[in-house]
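Structure first, then comments.
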Amino acid sequence: MKAEVREIKRQFGEIRLFPETLDDLWHLSHLVGPGDLVFATTFRSVEAATDKIRPEKVEKRPVRLGIRVEKVEFHQHTNRLRIAGVIESGVDVSSHHTLNVEPGFEISVIKRWRSFDCERLKRAVDASAYGVVHVVSVEEGEAQIYRLRQFGPEWVTTITAGSSKGADTGTRSVLFEKTLEVLTMITGPLVVAGPGFVKEEFADYVRRDAPDLAERMLVVETRRIGRGAVQEVIGQGVLDRLLGDLHLAREVRLMDEVLLRIATEGAVAYGINEVRRAIAYGAAETVLVSDILLRNEEVTGLIEQAEYVGASVVVMSTEFEPGERLEALGGAAALLRYTIGSPM
């Protein structure tokens, strides 16, 4: 993501945004919301002028519109973000229009930029400095490749060769060859994960046949395979070593700590009401909120109150397992400085 601050006064103002990847569109789906004003150059039907009473045809021409946002929809599989609302500036004022935002489509957003909005934007801008991380889970007879989006792991493909039991050396070579053929088309860091020695043999194969890829490869031992291996890779902090500060790794660690404190009756609160009480007591140290609750004014007010008392706020993606766990706890949780006991 590229961003240019045009003017900000007392948290309100305009930022020009230039999404470059699918991850950036996902970030925008949480940065832009109902009530915001979005400017963009888009195509809209304009009647062609003619000498006749009725125009012969309707043309679509590029126009600069300002849309008061009513709805935002992130379409992961079509690589598109749809921003719908009412035109306030430009042609056909008061009509409805939908902006189809794709990578490379520039928009300007005028709104009140809350602290967690600014944190998300900074994360999106910082992430653009790195290539997308891929994880390949390798076992006997099968390899699964995942792309680590900032909203969670995205399955790319599964490659099989022979049976998973008793595969011979020839079958394994076929698997390695087919897997490497796919991996040579990716850019950015690569993590080779899995239990046992098969992943080590595959790593040696990569070092021998694709030394350029091997230079950005890291081998990690995991107990699980497939998506479970990806989860372990993130949980071990491997991505921190690759990218310095990837939000997913932090989400995994924080959610693990929440569940541990719940299991041991430690200093933790979960559910909107309990988190609100912890914030009111000044006990909240870190507040976790699911991203789907950010459209709720009650929750955004709660976040502002948490920041006012000095608590850090982390927005969790429900596209990823830690965010799903948080959603099951009511969408909010807090790690506390001290226990506060049950309400009377």
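The values are calculated or read from the model by the stated rules, or taken from the named source; none is laboratory data. In this text the structure is predicted, and so the values were computed from the model without any measurement. A quick note on method: Cβ atoms are made from the backbone with ideal geometry, for glycine too, and the neighbour counts reach across all protein chains shown. For accessibility, only protein heavy atoms count, side chains too; no ligands or nucleic acids. Shrake-Rupley method; radii C 1.70, N 1.55, O 1.52, S 1.80 Å.
Descriptive notes on the structure:
- Restricting attention to segment 116-139, the residues being surrounded by fewer than 19 Cβ atoms within 10 Å (Cβ to Cβ) and not small (G, A, S) number 8.
- When the residues of segment 22-47 are filtered to those that are part of a strand (DSSP E or B) and free of Cβ contacts under 8 Å to residues at least 60 places away in the same chain, the one that is surrounded by the most Cβ atoms within 10 Å (Cβ to Cβ) is T42.
- Among the residues of segment 261-272, those identified as more than 19 Å from S290 (Cα to Cα) and hydrophobic (A, V, I, L, M, F, W, C) are A263, A267.
- Positions within segment 69-79 being of a type outside the set (A, V, I, L, M) and either open to solvent by less than 80 Å² (accessible area, probe 1.4 Å) or modelled with pLDDT under 90 (or both), in sequence order: E73, F74, H75, Q76, H77, T78, N79
- Test: residue in segment 107-115 that is outside the structural domain of D36 (by the TED database), among the aromatic types (F, W, Y) and open to solvent by less than 60 Å² (accessible area, probe 1.4 Å): no
- Of the residues making up segment 1-21, those that are open to solvent by 10 Å² or more (accessible area, probe 1.4 Å), part of a loop (DSSP other than H, G, I, E, B) and of a type outside the set (V, I, T) are R10, Q11, E20.
- Per this entry, S89 is counted among residues that are touching a Leu at 6+ places or on another chain (Cβ under 9 Å), surrounded by fewer than 14 Cβ atoms within 10 Å (Cβ to Cβ) and on the phi < 0 side of the Ramachandran plot.
- Some residue of segment 270-289 being within 22 Å of R149 (Cβ to Cβ) and in contact with a Ser or Thr (Cβ under 8 Å, 6 or more places away or on another chain): no
- Residue match in segment 54-62 (condition: at pLDDT 90 or above and out of contact with any Pro (no Cβ under 6 Å at 6 or more places or on another chain)): no
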